[in-house]
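Please read the structure below before turning to the comments.
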Amino acid sequence: MKNLFFSLMAALGLCSGCTAQDGVEVLTPQEFIAAAEADSAAVILDVRQPDEFTAGHLAKAVNLDWLNPSAFSEGMAKLDKDHTYYIYCRSGRRSNAAASKMKREGFRVFDMKGGYLQWTSEGRPVVR
């Protein structure tokens, strides 16, 4: 019985990496870019700070700094809810928070697992 409990808890823990508590779907970098490229309404949104964005970002990404709350809110107010937003940051924490907020506001969003660090560790291309 004890082993069953621990097995169930471990399985629940593994599933939480796939979807945030509020239902934001988290995609691997490969799934993320494939979905964005196949989606005619896709916008790739980089929620890192401007200096991080300038140092390197995904092609066609738009920068909207999550750590600047007023700039993020103002920028989000200008976004079109008819688009789908593919969101990433450095490691996944900021993008998940941003995606959660945007989802609550009625946007269609996807988060990239592992963020820019995972993307670059896989040798994927960046724009500088």
| request: Check the straight Cα-Cα distances from residue 113 and name the lysines below 28 Å, setting aside those fewer than 8 residues away within the same chain. | output: 60, 78, 81, 101, 103
| task | Quickly rank 52-60, 94-102 as a protection proxy: mean count of other C-beta atoms within 10 Å, highest first. | result | 94-102, 52-60
| Cβ-Cβ FRET estimate between residue 121 and residue 35, R0 fixed at 25 Å, reported to 0.05 | 0.80
| In square nanometres, what is one fourth of the surface area of the convex hull spanned by the alpha carbons of region 76-128? | 4.1
| said: Taking 0.36 nm per residue of sequence separation and subtracting the Cα-Cα distance, how much length would be gained by fully extending the chain between residue 70 and residue 28, in nm to one decimal? | reply: 12.2 nm
| task | Assuming 1.567 mPa s and 4 °C, estimate D for region 37-128 with Stokes-Einstein, Rh taken as the Kirkwood radius over Cα pairs, in µm²/s. | result | 99
| field | Linear extension gain, residue 91 paired with residue 54, 0.36 nm per residue minus alpha-carbon span | value | 11.7 nm
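Since every read-out is calculated from the coordinates, none of them should be taken as a lab result. Because the structure is predicted, anything quoted here is derived from the model rather than measured. Please note: Cβ atoms are built from the backbone with ideal geometry, for glycine as well, and neighbour counts cover all protein chains shown.
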